[in-house]
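Colleague: Below is a structure I'd like to ask you about.
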Amino acid sequence: MSDTFSITTPIYYVNDLPHIGHIYTTVMADIFARYHRMAGRRVRFLTGTDEHGQKIERAAAAQGIEPIALADRVVERYHELWKELGISHDDFIRTTEPRHHRAVHEMIRRMQASGDLYQGSYTGWYCAGCEAFYPETQLVDGKCPDQGHPVERLSEPSWFFRLSAYQDRLLEWYRENPDCIRPRSRYNEVVRFVEGGLNDLSVSRTSVRWGVPWPGDPDHVVYVWLDALTNYVSALGFGSEDDGLFREFWPADLHLVGKDILRFHCVYWPAFLMSAGLPLPRTVFGHGWWKTGESKMSKSLGNVVRPDAHIRRFGPDAVRYFLAREMTFGADASFSNEAFVERYNADLANHLGNAASRTLSMIGRFLGGTMPAAGSEGVLPERAAETVAVYRERMEALEPNRALEAVWAFLADLNGFIQERQPWAIAKGGETARPELEAVLGTAAESLRITSILIEPFMPRIAAALHEAMGSPSTPRDLDGGARWGLLAGGATIGKPKPLFPRVDLEEFVKELEMEQQKDSKTPEKKDERQERTITIDELAKVELKVGVVLEAERIPKSKKLLRLRVDLGEEEPRQIVAGMADSYEPEAMVGRRVVVVANLKPAKLMGVESQGMILAADIGGRAFLLSPDGEVPPGTTVR
Ligand code: ME8
């Protein structure tokens, strides 16, 4: 096993702000970087931004600013977000930096020296969304085959890369390095694609100005993917005299990317590197997509989740934990607030939070706040050793969600141990029972200490807080030296434990999110506020208001505010509507009431119950006052 580990994320486009997809890749890369540091390796963790190309040029033009001004603004947000999320990258590369331009020129010089670049003219379909050309035969319904973006016909002089000459060498590389693309399904996909034959690749543009100028041919700029992929070596000093990092950390051990950009990383990039005479990355891992419902979350589809409210409410580590635990590394997953809150409550507040607060508060109460030394009661010492080994195996095998599963199984054992040994009952035995009490609580505390090390890559702040709560000031970062049973010396004084995961009310959080999303969906430029709130008569006509009669009403279990109603709207079937009025009306008082209903509102689920409309009420500080027609109007009557 090598003593260095070099990991990268994609460099993100700066045409829009980051969302949960970008956060996911970066958090996962951070988890691996932290894990390998903890395992004693010298780590290089690189992320950054992809700032050139047509997409950025157009996004900037649409906002009436220069591309670099747009890039600067978005990059600042990336920096803030990575800091907030505890991302521990060693470098952040921007493709507009001189060190990067230098490396791109050096790549092109080498590719030219290999005889792989030639001039020609390109006619084809270009997708600005993917920044890629597609042959006519690959278009699907006249759109790009990968993501369904619109394409445009282009014809221009271009430099070409002899990609076709690399088919055999690429296939040989795949064959000899079965782990070079993971997971296996993605490996097979890429091999099939390359077996189908490769066309030469256009690697310069004359109709785009925003890019790295082509060396010696200033009418051209370098194709944005040749430019972008080179970031992985330019950040290591490739092409400059000071290339110590390049010699130490290239080739990369792991290029972590989303499956959307697999082909660029598994076909183009290795071919460019072969042409330039450079070593190839060890593994490209294409993870799955976060989806909202059934669709990929993406800026162009406008269905993205930006987790600002989640970070504020639950803390950055809870977001890191959810992303790492919820998605099987490599597969797709859906993001939902229900799943988020459920995991937070079950895994963090209950399992981890409870184990920590029970153990620490009993040490406070029964042992006067003095940490006992590690005990070795029951199965926990053995289970800890097993857990560390399994955790390690799974992290090395790129199965981070399964590594967490192992830690949580251990926490379940710890909670079971506390339940079974009942330290509160032992404490009743007074002084004579003290050695047993110390042994039991010392066993629980040692289990917690080891847990705090294992969760550090996933939740660095929580790990540090837990460690500190145990009276030890240093952050746990040593798998070999630290995660062995028996190291807890005892004697430290602990304070009153603060809750690591304060409870969050799901409904309040959902409300907060809705407000946030409304804010988000507004255009970034500040228009005159009144003008922004004005709607036309046609817009108003879109809202279908109807009179309804409440047939049934009941409280939704576990919810303070929500009622489930069945409302007759004069249709074949009554509608199920969820209303946030339980603290204003008793359910019985609602039955028989005539109400006004928004009848064409898109159905939504609240606490798992579908709501097929909304009941109008006046709102004073959260208290609801129902609106009713002035007379016995039949259900289904239109309100205008
Ligand atoms: O493609 N689910 O940048 P980009 C999971 N600049 N991950 C997602 C995601 C989703 N719904 N959406 C985005 C580019 N991602 C190029 C890369 S690299 C030399 C150049 C993540 O801003 C995922 O890692 O479109 C994906 O590959 C990346 O963001 C795309 O980011």
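Just so you know, all these numbers are worked out from the coordinates, no wet-lab data involved. What you see is a predicted model; the values in this text were computed from it and never measured. Methodologically, a virtual Cβ is constructed for each residue, glycine included, from the backbone with ideal geometry; neighbour enumeration extends over all protein chains shown.
Colleague: Take Ile65 and Asn600, extend 7 Å from each Cα along the Cα→Cβ direction, and tell me the distance between the two endpoints in nm.
Modeller: 3.8
Colleague: Let me spell out the model: positive unit charges on the Cβ of Lys and Arg, negative unit charges on the Cβ of Asp and Glu, origin at the Cα centre of the chain. What dipole size does that give, in debye rounded to 20?
Modeller: Values: 77 positive and 90 negative charges, 179 e Å.
Here the chain has a charge dipole of around 860 debye.
Colleague: Still on this structure, I have one more. Using Cα-only point scatterers and the Debye equation, what is log10 of I(q)/I(0) for segment 331-482 at each q in 0.17, 0.19, 0.21 Å⁻¹, rounded to two decimals?
Modeller: Log10 of I(q)/I(0), two decimals: -0.99, -1.20, -1.41.
Colleague: Given the convex hull of the Cα atoms of segment 4-306, what is a quarter of its surface area in nm²?
Modeller: Values: hull surface 61.8 nm².
With the hull built on Cα positions only, its mean projection is 15.5 nm².
Colleague: Could you tell me the largest-minus-smallest coordinate of the C-alpha atoms of segment 187-230 on each of the three principal axes, in descending order and whole angstroms?
Modeller: So the extents along the principal axes, rounded to whole Å, are 39, 18, 17.
Colleague: What size of dipole, in debye to the nearest 20, comes out for segment 331-482 about its Cα centre when the only charges are +1 on Lys and Arg C-beta atoms and -1 on Asp and Glu C-beta atoms?
Modeller: Working: 13 positive and 21 negative charges, 101 e Å.
With only Lys, Arg, Asp and Glu charged at Cβ, the dipole is about 480 debye.
Colleague: Out of residues 5 or more away from Ala132 or on other chains, whose amide H comes under 5 Å of its own, with H placed 1.01 Å from N in the peptide plane?
Modeller: When sequence neighbours closer than 5 places are left aside, the close amide H contacts are Cys127.
Colleague: Points 7 angstrom from Cα along the Cβ direction at Arg184 and Glu431: gap in nanometres?
Modeller: About 6.5 nm, to one decimal.
Colleague: Can you divide the C-alpha Rg of segment 276-382 by 2.2 N^0.38 Å and report the result to two decimal places? Before the final figure, lay out each step's value.
Modeller: Numbers: Rg = 20.7 Å, N = 107, 2.2 N^0.38 = 13.0 Å.
Rg over 2.2 N^0.38 Å, computed on Cα atoms: 1.59.
Colleague: Once you put a point 7 Å from the Cα of Asp478 and another 7 Å from the Cα of Glu136, both along the Cβ direction, what distance in nm separates them?
Modeller: 6.8
Colleague: 5 Å is the cut-off here: which amide hydrogens, built 1.01 Å from N in the peptide plane, fall below it relative to Ala624, excluding neighbours closer than 5 in sequence?
Modeller: Sorted by chain and number, the residues that satisfy this are Ser584.
Colleague: With N denoting the number of residues in segment 166-207, provide Rg(C-alpha) divided by 2.2 N^0.38 Å, to two decimal places.
Modeller: Rg over 2.2 N^0.38 Å, computed on Cα atoms: 1.40.
Colleague: Compute from the Cα atoms of segment 72-190 the Rg and the Dmax, the latter being the longest Cα-Cα distance, and quote both in angstrom.
Modeller: So, for segment 72-190, Rg and Dmax equal 18.9, 48 Å respectively.
Colleague: Distances longer than 24 Å among the Cα atoms of segment 426-517: what percent of all pairs is that? Don't skip to the end; give the middle numbers.
Modeller: Numbers: 1666 of 4186 pairs.
Tail of P(r) above 24 Å: 40 percent of Cα pairs.
Colleague: Okay, next question. What FRET efficiency would be calculated for the residue pair Ala389, Asp308, taking the C-beta separation as r and a Förster radius of 51 Å, to the nearest 0.05?
Modeller: Numbers: r = 38 Å, r/R0 = 0.75.
The value I calculate is 0.85.
Colleague: OK, next. Using the Cα centre of the chain as origin and beta-carbon charges of +1 (Lys, Arg) and -1 (Asp, Glu), tell me which of Trp82, Tyr174, Gly288 is placed farthest towards the positive end of the dipole.
Modeller: In the chain, that residue is Trp82.
Colleague: Then there is this: Considering only lysines 8 or more places apart in sequence, or on different chains, count the pairs in segment 528-640 whose C-alpha atoms sit under 28 Å apart.
Modeller: Qualifying lysine pairs in segment 528-640: 12.
Colleague: With charges set only on the Cβ (+1 for Lys and Arg, -1 for Asp and Glu), what does the dipole of segment 381-423 come to about its Cα centre, in debye to the nearest 20?
Modeller: On the way: 5 positive and 8 negative charges, 20 e Å.
Its charge dipole is roughly 100 debye.
Colleague: Another one. Can you work out the FRET efficiency for the pair Glu97 and Met515, with r the C-beta to C-beta distance and R0 = 60 Å, to the nearest 0.05?
Modeller: 0.95
Colleague: What's the FRET efficiency of Leu627 with Glu84 using the Cβ-Cβ distance as r and R₀ = 25 Å, to the nearest 0.05? Provide the component values of the computation, followed by the final result.
Modeller: Working: r = 42 Å, r/R0 = 1.70.
According to the calculation, E is roughly 0.05.
Colleague: With a cut-off of 8 Å between alpha carbons and a minimum separation of six or more residues, what is the relative contact order of the chain in percent? Before the final figure, lay out the partial values.
Modeller: On the way: 1089 pairs, mean separation 69.9, N = 640.
Rounded, it is 11 percent for the chain.
Colleague: Then there is this: Expected output is a single nm value to one decimal: the length gained when fully extending between Glu554 and Arg153, i.e. 0.36 nm times separation in residues minus the C-alpha distance. What is it? Working shown, then result.
Modeller: Details: separation 401, 0.36 × 401 = 144.36 nm, distance 5.93 nm.
Here the answer is 138.4 nm.
Colleague: Taking the dipole about the Cα centre of the chain, with the C-beta of Lys and Arg at +1 and of Asp and Glu at -1, give me whichever of Ala33, Ser361, Leu563 is farthest to the positive side.
Modeller: About the Cα centre, the residue reaching furthest to the positive side is Ser361.
Colleague: On full extension of the chain, what length is gained from Glu396 through Ser295, given 0.36 nm per residue of separation minus the C-alpha to C-alpha distance?
Modeller: Gain on stretching Glu396 to Ser295: 33.3 nm.
Colleague: Follow-up. Please work out, to two decimal places, the log10 of the ratio I(q)/I(0) at q = 0.11, 0.19, 0.21 Å⁻¹ from a Debye calculation in which every Cα of segment 1-138 carries one identical scatterer.
Modeller: Evaluating at q = 0.11, 0.19, 0.21 Å⁻¹ gives log10 I(q)/I(0) of -0.56, -1.18, -1.25.
Colleague: Here's a follow-up. Of Gly124, Gly142, Ala113, whose Cα points farthest to the positive end of the dipole of segment 104-148 (charges on the beta-carbon: +1 Lys, Arg; -1 Asp, Glu; origin at the Cα centre)?
Modeller: Result: Ala113.
Colleague: Could you grab the Rg to Rh ratio for segment 540-626? Cα atoms only, Kirkwood for Rh.
Modeller: 0.94
Colleague: OK, next. In 10 Å bins starting at zero, report the fraction of Cα pairs in the chain per bin as a rounded %.
Modeller: For the chain, the binned pair fractions read 3, 13, 20, 20, 17, 14, 9, 3, 0, 0 percent.
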